[in-house]
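Below is one structure, written out as structure tokens, with a few remarks after it.
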Amino acid sequence: MKMLALALWMTGTANAAAAPAADDPLTRPMAVERAKEWLAPQPPERIFGKTWLVGFGGLSVALIDTVDGLVLIDGALPQAAPAILANVRAAGFDPGDIKYILSTEPHYDHAGGFAALARDTGATVVASARGAEGLRAGALAKDDPQLAYGGTWPAVTTRVRVVKDGDVLKLGDTEITAHATPGHTMGSMSWSWNACEGKICRQIVFASSLNPVSADGYRYTSAAGKPFVSGFAKSYKLMDALKCDVLISAHPDNAGEGRVNDKPGACRAYAERSRGLLAKRLAAEKAGTAK
Ligand SMILES: [Zn+2]
């Protein structure tokens, strides 16, 4: 009995995740239209080296084993947190070893699970300045093109570390570079790192959403929309130039086929898709046919 008590104490944070309260406000299901499709269950899958996918059919969550702790990227919806941690365990890791949780954007479909994940693992959440604002508020920014859709999610009340474009996060044998990729939100960040198998290394890019989607009535051609259009342009330029052997996109269906895209030019194609959508959208606004 004493041994058991000690074991529970030692892994207290992980156990808290295994036995959530009956109604846990941080994992309370958000009733969103596409939740079932987004959270289609997937087993953990090793992508290359020590990089894994531990997310879902319609929302990507990555796990990097750095030897000196784990890094998670994105956290899907609030109700997804227990399944993410179950996948981390199924891949053979201890969720208590997650040191950082990196954020691609302050929207509920990628950051909804952060509050529960950070609480249950003790990890520090990492985001851009604008991203961190949204995560601490658990709400859309006032300038978000989707603001009129509304919707809030559990705010991150634990430690959030702010990083800038080009900052490098070092943990164990891994260096992860932050790339500002504004447009979909002004705080969007993409992340890149080298995954190695012996002497062969491949650069993996976890790209934030580059979808020019907005609530009805929003205009990218308005004064408020201008920073977003120039943000997209900056992001396309980055994606065109970035070394990108394997692309993981926040919404896997935006990256081509399957869970990752490891074809040459995957990031360029990702940017090109968004470029086309934005051009179409701007043309519709100019023609007065945009919703
Ligand atoms: Zn979004």
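Read-outs throughout are calculated quantities, based only on the coordinates presented, and are distinct from any laboratory measurement. Predicted model only: the values in this text are computed from it and were never measured. FYI the Cβ positions are ideal-geometry reconstructions off the backbone, even for glycines, and counts take in every protein chain you see.
Taking the number of other C-beta atoms within 10 Å as the exposure measure, put T152, T177 in order starting with the fewest.
Numbers: T152 12, T177 18.
Ordered by Cβ neighbours within 10 Å, fewest first: T152, T177.
Within a 10 angstrom radius of the beta carbon, how do R281, R136 rank from fewest other beta carbons to most? Walk me through the intermediate numbers first.
Values: R281 20, R136 16.
In increasing order of surrounding Cβ atoms, one gets R136, R281.
Per residue of the chain, what 222 nm ellipticity follows from adding -39500 (n - 2.57) for every DSSP H run with n ≥ 4, rounded to the nearest 500?
Details: 9 runs with 89 residues, N = 291.
Helix-only estimate at 222 nm: -9000 deg cm²/dmol.
Filter the GluC sites (Glu not before Pro) in segment 224-291 down to the DSSP loop ones having no more than 11 other Cβ atoms within 10 Å, then list what survives. Can you show the working numbers first?
Details: sites: E257, E272, E285; in loops: E257.
Counting only loop positions with at most 11 other Cβ atoms within 10 Å, the GluC sites (Glu not before Pro) in segment 224-291 are E257.
Using Cα-Cα distances under 8 Å and only pairs 6 or more residues apart, what relative contact order does the chain have, in percent? Display every interim value, and only then the final one.
Values: 622 pairs, mean separation 40.4, N = 291.
The value is 14 percent.
Please arrange Y149, Y270, Y218 by counting, for each residue, the other beta carbons lying within 10 Å of its beta carbon, fewest first.
Result, fewest neighbours first: Y149, Y218, Y270.
Under a plain spin-label model, where a point goes 7 Å from the Cα along Cα-to-Cβ, how far apart in nm are A233 and A22?
Distance between the two pseudo-spin positions: 5.8 nm.
Roughly how large, in nm² to one decimal, is the mean projection of the convex hull of the alpha-carbon atoms in the chain? Each step should come with its number before you reach the end.
Details: hull surface 61.6 nm².
The number I arrive at for the chain is 15.4 nm².
Any aspartates and glutamates with Cα under 13 Å of the K237 Cα? List them, leaving off those in the same chain fewer than 8 positions away.
Within the straight-line limit of under 13 Å, K237 reaches these aspartates and glutamates: E272.
Using 0.36 nm per residue, how much length does the chain from T152 to K36 gain when fully extended, once their Cα-Cα distance is taken away? Could you put the intermediate results ahead of the total?
Numbers: separation 116, 0.36 × 116 = 41.76 nm, distance 1.88 nm.
Extra length from T152 to K36 when fully extended: 39.9 nm.
Extending each Cα 7 Å along its Cβ direction at R159 and A215, get the distance between those two points in nm, one decimal.
The two pseudo-label positions are separated by 3.5 nm.
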